[in-house]
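We did not get these values from a lab; they are worked out from the coordinates using the rules stated. Computed from a predicted structure; not experimentally measured. So basically every Cβ, Gly included, is an ideal-geometry build from the backbone, and we count neighbours across all protein chains shown.
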């Protein structure tokens, strides 16, 4: 039997961590883009657009991420589309992240006083101009702490993709455990690595919240 | 043709009718005070004129621009009438100058230098030329309201709607805002103002509209309306017996 040093274990886990980070980034950036689109639909003047975004959000927030991963991985396969694990993982996480970010941002946009909409409308601005120049610049400041805070959920969410066979940190943990028979050491290290990724995010969310709040100024 | 034509305007919220057939024609250069109890529909009427509220029936036109509820028509109309609010509604993330410049560059696509020159001119006009770089939260209420006036004026409207613009101000700050409005009136700007400043209405306005329960209850020159109110409701409102 081959002996594995702790360094061997850690080295392999760290290599897999690259995929966790990459998947987190893709989910967050992609989810942000789709989320922004959903946000615009959600606060649109068109009833159909609002309804679509509302049901989308309810659907993705109301079902477990794991089911969404299964559906993306196996479901598309039923239609004869061969979906690699990385694609199913990325797709499901992007759509899932989007539903939460859209709802967080909607709260931020709606917290902007109605007078801001009315004043900018009275000056002749169209809806997109109001959003771009008046509402979003203010809403963005409010949105930063909860958005950064949510990114922690995204990082942890990537762990579920191990189940459909995407080799990221958790999957690597399982693989390494199977080879070394040292589950406590391996999963302990896995947990530490997740913590090392998430804690700075939580912390910066807190710091940002205090910074953007204490000043209580909008500029 | 009158500058602002309000014809048989009705407005309901559900089954609650708050405007019950309003007719009012405003000539260029007129200064009109709209008075009445709260809930009489005076603010709603003002907000209907520039389409912040959609009317249920009737028609409104400003200098030939019809009030039609779509973005193109609303924009055309809103370029003709500016509005000033009780709560100022300055954009808190922009300086005073930025507030006055924004809609010029976004809506009218005015070049930056030109928009800035206009902003300085308008801030000077309301006595705040030196506050160009100040953010709204560094200004007093009266100063904020004057910036809001400058912001509306920079779009060069032909009429201004003022919705209780001194009601949120401390008493000692009311005068500075009214002084600006008085000056605008003297320069011939058409003004429609919902106000509780009876003395101001008496001194400055060409006509006073008394609204009661969603209708124009009494209308006339201020000296008639204030000195000789005809209806018991207006007498009660003015406290004359």
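Stokes-Einstein diffusion coefficient for the protein assembly as shown at 10 °C in a medium of 1.306 mPa s, Rh from the Kirkwood formula over Cα pairs: what value in µm²/s? Numbers along the way, then the final one.
Working: Rh = 26.0 Å.
Estimated diffusion coefficient is 61 µm²/s.
Neighbouring Cβ atoms from other chains, within 10 Å of the Cβ of residues in B:47-58, number 1 on average. Taking every Cα-Cα distance in chain B and sorting them into 10 Å bins from zero, the calculated P(r) comes out as 8, 31, 36, 20, 5, 0 percent. Comparing mean-square fluctuations of B:11, B:199, B:20 from a GNM of chain B with C-alpha springs under 10 Å, the top value falls on B:199.
Binning the C-alpha pair distances of the stretch A:20-66 at 5 Å intervals from 0 yields a P(r) profile of 5, 21, 20, 23, 17, 9, 4, 1 %, listed from the shortest bin outward. A simple packing score, the average count of other Cβ atoms within 10 Å per residue, orders the peptides B:204-216, B:173-185, A:66-78 as B:204-216, B:173-185, A:66-78, with the highest score first.
Taking the inverse of the average 1/r across all pairs of different Cα atoms in the stretch A:6-214, what Kirkwood radius in Å do you get?
On the way: mean 1/r = 0.0529 Å⁻¹.
For the stretch A:6-214, the Kirkwood estimate is 18.9 Å.
Maximal additional length on extending the residue B:187-residue B:240 stretch stands at 15.8 nm, based on 0.36 nm per residue less the C-alpha distance. Highest mean first, the peptides A:42-51, A:186-195 sorted by other C-beta atoms within 10 Å per residue fall in the order A:186-195, A:42-51. Helix A:169-180 and the longest principal axis of the Cα set of chain A meet at an angle near 10°.
I'd like the mean, over residues of B:156-163, of how many other protein chain beta carbons sit within 10 Å of each residue's own Cβ. Before the final figure, lay out the partial values.
On the way: counts 0, 3, 0, 0, 0, 1, 0, 1.
Average per residue, whole number: 1.
For chain A, the longest principal axis of the alpha carbon atoms and the long axis of helix A:47-62 meet at an angle near 30°.
From largest to smallest, the equivalent ellipsoid semi-axes obtained for the stretch B:91-156 from the alpha-carbon gyration tensor read 18, 12, 10 Å.
I want the antiparallel fraction of DSSP beta bridges within chain B, as a percent rounded to 5.
Values: 20 of 38 bridges.
Among the beta bridges of chain B, antiparallel pairing accounts for roughly 55 percent.
Let me make sure I get this right: for the stretch B:33-160, a, b and c are the square roots of the gyration tensor eigenvalues over alpha carbons, sorted descending. Under 1.5 in a/c it's rounded, otherwise prolate if a/b > b/c, else oblate. Which is it? Oblate is the answer for the stretch B:33-160, as a/c is 1.5 or above yet b/c matches or exceeds a/b.
With respect to chain B, whose longest principal axis is taken over its alpha-carbon atoms, helix B:112-125 is tilted by about 50°. Modelled this way, with points 7 Å down the Cα-to-C-beta line, the labels at residue B:224 and residue B:38 are 3.1 nm from one another. Averaged over peptide A:123-133, the number of partner chain Cβ atoms lying within 10 Å of each residue's Cβ comes to 6.
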